[in-house]
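*Asks:* I have a structure here, written as structure tokens, and I will follow up with some questions on it.
The values are calculated or read from the model by the stated rules, or taken from the named source; none is laboratory data. Model, not experiment: these values are computed from the prediction. Reconstructed Cβ throughout: ideal geometry from the backbone, glycine too, with neighbour counts over all protein chains shown. Ligands, DNA and RNA are stripped out before the accessible areas are found, and what is left, the full protein with its side chains, is counted by its heavy atoms. Shrake-Rupley method; radii C 1.70, N 1.55, O 1.52, S 1.80 Å.
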Amino acid sequence: MDLTIHRPQGTCVRTGRPFLPGETFYSVLVRDQGTLGRVDVSAGAWEGPPAGAIAWWRSRYPDATEPEPRLAPVDVLLDALEELGDAPDESAVRYLLALHLVRRRVLRILDGRPGGDDALVLVCRRREREYRVPAADVRAASAVADRLAALLWSGEAA
């Protein structure tokens, strides 16, 4: 399943005021009659995510003069996965990066899990090697999201 998240609507859903270029705002994914919808709220009107929110994040409204951010090349992401290694302070970033590479079909999860632990065993045909990535708790790590965005996206918007 590929999930499409639409671009910001351009106005705050609570105030009706248009966003200014470079303005900070919050986006929320909500269920709306069996589908996922996006709601954008200005920083001044933000009171936290609404009940039933699936996800939320802080963004900056794009400036027409800024270049669009581009997804980092696959080889750069694989290099980052290898460089993060087994450092415990980078385990959440490495785990999320590995899942992203699975989603992009760069890595494939092998059926077996040697050792019976919660590590993902992944294979990469591009580099003809396996990766073992321990599962990490990423629920309360906003810094992890910032690190991952910096790895995934190029340009100022990252």
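*Asks:* Take region 110-129 and flag every residue that is at pLDDT below 90 and open to solvent by 40 Å² or more (accessible area, probe 1.4 Å).
*Replies:* Leu110, Asp111, Gly112, Arg113, Pro114, Gly115, Gly116, Asp117, Asp118
*Asks:* Restricting to region 37-51, what's the tally of residues that are assigned to a strand (DSSP E or B) and not hydrophobic (A, V, I, L, M, F, W, C)?
*Replies:* Counting residues in region 37-51 that are assigned to a strand (DSSP E or B) and not hydrophobic (A, V, I, L, M, F, W, C) gives 4.
*Asks:* Let me ask something additional. Which of the residues spanning region 57-72 are modelled with pLDDT under 85 and over 15 Å from the mean Cα position of the chain (by Cα)?
*Replies:* If the condition is that a residue be modelled with pLDDT under 85 and over 15 Å from the mean Cα position of the chain (by Cα), then Pro62, Asp63, Ala64, Thr65, Glu66, Pro67, Glu68 are the ones that fit.
*Asks:* Right, next: Scan region 47-56 and tell me whether some residue there is in contact with a Ser or Thr (Cβ under 9 Å, 6 or more places away or on another chain), modelled with pLDDT under 85 and either surrounded by 11 or more Cβ atoms within 10 Å (Cβ to Cβ) or over 30 Å from Tyr26 (Cβ atoms) (or both).
*Replies:* Yes - at least one qualifying residue is present in region 47-56.
*Asks:* Continuing with the same structure: Within region 91-112, work out how many residues are farther than 18 Å from Arg127 by Cβ and touching a residue at least 12 places away in the same chain (Cβ under 8 Å).
*Replies:* 5
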